[in-house]
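Remarks on the structure that follows.
Throughout, read-outs are computed from the coordinates displayed, never taken from laboratory work. Predicted model only: the values in this text are computed from it and were never measured. Here the Cβ positions follow ideal geometry from the backbone for every residue, glycine too, while neighbour counts run over all protein chains shown.
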Amino acid sequence: MIPQIPPIPLYFSAEVQQARLEQRPMVALESTIISHGMPFPQNLETALEVEAVIRDQGAAPATLAVLDGKIHIGLDADQLERFAQDKTALKLSRRDLGYALSRGKTGGTTVATTMILARQAEIRFFATGGIGGVHRGGQNSLDISADLQELARTEVAVVCAGAKSILDLGRTLEYLETHGVPVIGYGTEDFPAFYTRSSGLKADYRLDTPLELAQLLQQHWALGLGSGVVIANPIPAEYALPESEINRAIEEALEELDAQGISGKAVTPFLLSKVLERSGGKSLVANIALVKNNAKVAAQIALEWGEMGF
Ligand code: PSU
Ligand code: MN
């Protein structure tokens, strides 16, 4: 007999522990957006505000992170504050977890890792800003975010505002189609492009209410297809940025990426910080607004799911 390896313990926050006992709806949140997606102190303020949005809807927020080699499902206010200021925090995708846990490291969970750990914690709904995807030129570099592969294999619904056009959004959607991941436009036919309400590309289907979304998820998962679902929720119109303005910032960021020859896991954080730098404070305001909007929808789906008796 091959000896069993004991599972890795999960450290639940008091709030999440309570919600689990009461079987209340929960929404997972990622933490790479805190460590690598936004500057301090806006990262901390946003993380707290996003959690508050979920509580206001009647669900419990669970911000996921690895602290000193331990997997946390939900962070308390002190942990969140320390994490938001920790310049040594790693960016942890699927392949990085074993290293971080074995070496006692601290790091933010990407969309991929948040999906993995949310599933282990029996949380089915997850809100974030934007997912990773196929990078421009990805057909040659093979720079394809592990987020897409995770969506193909892990049963979690990811509510996002689409993806930033730092990526090749057409190829990103093709990849998701190949791997059987539905991309649902929430209140729209279009696939949104994070800062703008449309990328010019279509989502697979449009649904208009949290109940309809919960019903789709129930059928998708009841089939045992084993995959995630992308719920693409466009940025509220009043926060959307002019397309030409944001595209200029993105093109400049991509030129700098080329000039500096950056590759691997540093690509996305580099592009995120350059776009922010070039597009000024307005893009940060937009980013914060869309994450909160996604948190609200994720919480509403989680509530509908509870109403359905699961
Ligand atoms: N896109 C954003 N904001 C983010 C990220 C992507 O608009 O914060 C982060 C997420 O954590 C996402 C990760 O899972 O970057 C993807 O990184 P990569 O492309 O290296 O897989
Ligand atoms: Mn990559």
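Determine the pairs where a residue that is farther than 16 Å from Tyr195 by Cβ, located within segment 258-281, has a partner that is polar (S, T, N, Q) and part of a helix (DSSP H, G or I) with Cβ atoms under 8 Å apart, the partner being 6 or more residues away or on another chain.
Ser263/Ser141; Phe270/Gln260
Spot the failing condition for Leu92; the list is (1) away from ligand 2 (no atom under 16 Å from the Cβ); (2) farther than 19 Å from Val297 by Cα; (3) not basic (Lys, Arg), and only one is missed.
Leu92 satisfies all of (1) away from ligand 2 (no atom under 16 Å from the Cβ); (2) farther than 19 Å from Val297 by Cα; (3) not basic (Lys, Arg) except (1).
Out of the residues in segment 180-206 that are among the aliphatic types (A, V, I, L, M) and under 20 Å from the mean Cα position of the chain (by Cα), state the one that is surrounded by the most Cβ atoms within 10 Å (Cβ to Cβ).
Here the answer is Ala193.
Out of all the residues in segment 211-224, is one or more farther than 24 Å from Val285 by Cβ, part of a loop (DSSP other than H, G, I, E, B) and more than 13 Å from ligand 1 (Cβ to nearest atom)?
If we filter segment 211-224 for residues that are farther than 24 Å from Val285 by Cβ, which is where we start, we get 211-224.
Subset that is part of a loop (DSSP other than H, G, I, E, B): 223-224.
Checking the rest, the ones that are also more than 13 Å from ligand 1 (Cβ to nearest atom) come to 223-224.
Yes, because at least one residue in segment 211-224 is farther than 24 Å from Val285 by Cβ, part of a loop (DSSP other than H, G, I, E, B) and more than 13 Å from ligand 1 (Cβ to nearest atom).
Given the conditions (1) in contact (Cβ under 8 Å) with a residue 24 or more places away in the chain; (2) over 26 Å from Ser244 (Cα atoms), and given that Leu207 satisfies all but one, which numbered condition is not satisfied?
(1)
Considering segment 255-269 alone, what residues qualify as being crowded, with 19+ Cβ neighbours inside 10 Å and away from ligand 2 (no atom under 11 Å from the Cβ)?
Leu257
What number of residues within segment 117-148 satisfy the criterion of being buried (at least 17 other Cβ atoms within 10 Å of the Cβ) and not in a loop (DSSP other than H, G, I, E, B)?
Total satisfying the criteria: 13.
From the list Asp86, Asp68, Asp147, exactly one residue is out of contact with any helix residue (DSSP H, G or I) (no Cβ under 9 Å at 6 or more places or on another chain), charged (D, E, K, R) and without any contact (Cβ under 8 Å) to a residue 60 or more places away in the chain. Which is it?
Asp68
Is it the case, given these coordinates, that Val66 is within 15 Å of ligand 1 (Cβ to nearest atom), under 21 Å from Arg20 (Cα atoms) and more than 14 Å from the chain's Cα centre (by Cα)?
On the way: within 15 Å of ligand 1 (Cβ to nearest atom): yes; under 21 Å from Arg20 (Cα atoms): yes; more than 14 Å from the chain's Cα centre (by Cα): yes.
So Val66 fits the description; yes.
When you scan segment 210-248, how many residues do you find that are among the hydrophobic types (A, V, I, L, M, F, W, C), without any contact (Cβ under 8 Å) to a residue 60 or more places away in the chain and either under 11 Å from Gly185 (Cα atoms) or in contact with a strand residue (DSSP E or B) (Cβ under 6 Å, 6 or more places away or on another chain) (or both)?
Of the residues in segment 210-248, 1 are among the hydrophobic types (A, V, I, L, M, F, W, C), without any contact (Cβ under 8 Å) to a residue 60 or more places away in the chain and either under 11 Å from Gly185 (Cα atoms) or in contact with a strand residue (DSSP E or B) (Cβ under 6 Å, 6 or more places away or on another chain) (or both).
Looking only at segment 90-108, which residues are within 16 Å of ligand 1 (Cβ to nearest atom) and touching a Leu at 6+ places or on another chain (Cβ under 9 Å)?
Asp96, Leu97, Tyr99, Ala100, Thr106, Gly107, Gly108
Given the options Ile131, Ile116, name the one that is within 13 Å of the chain's Cα centre (by Cα), closer than 26 Å to Gly226 by Cα and within 16 Å of ligand 2 (Cβ to nearest atom).
Ile131
Of all residues being part of a helix (DSSP H, G or I) and small (Gly, Ala, Ser) in segment 38-76, which is surrounded by the fewest Cβ atoms within 10 Å (Cβ to Cβ)? Just the residue, please.
Ala52
When the residues of segment 1-37 are narrowed to those that are charged (D, E, K, R) and in a loop (DSSP other than H, G, I, E, B), which ends up farthest from ligand 1 (Cβ to nearest atom)?
Arg24
Residue check, Thr113 against (1) outside any helix (DSSP H, G or I); (2) touching a residue at least 40 places away in the same chain (Cβ under 8 Å); (3) among the hydroxyl-bearing types (Ser, Thr, Tyr), all met but one. Which one?
All conditions are met except number (1).
Checking Phe191 against (1) among the aromatic types (Phe, Trp, Tyr); (2) closer than 20 Å to Leu173 by Cβ; (3) within 16 Å of ligand 2 (Cβ to nearest atom), which test does it fail?
Unmet condition: (3).
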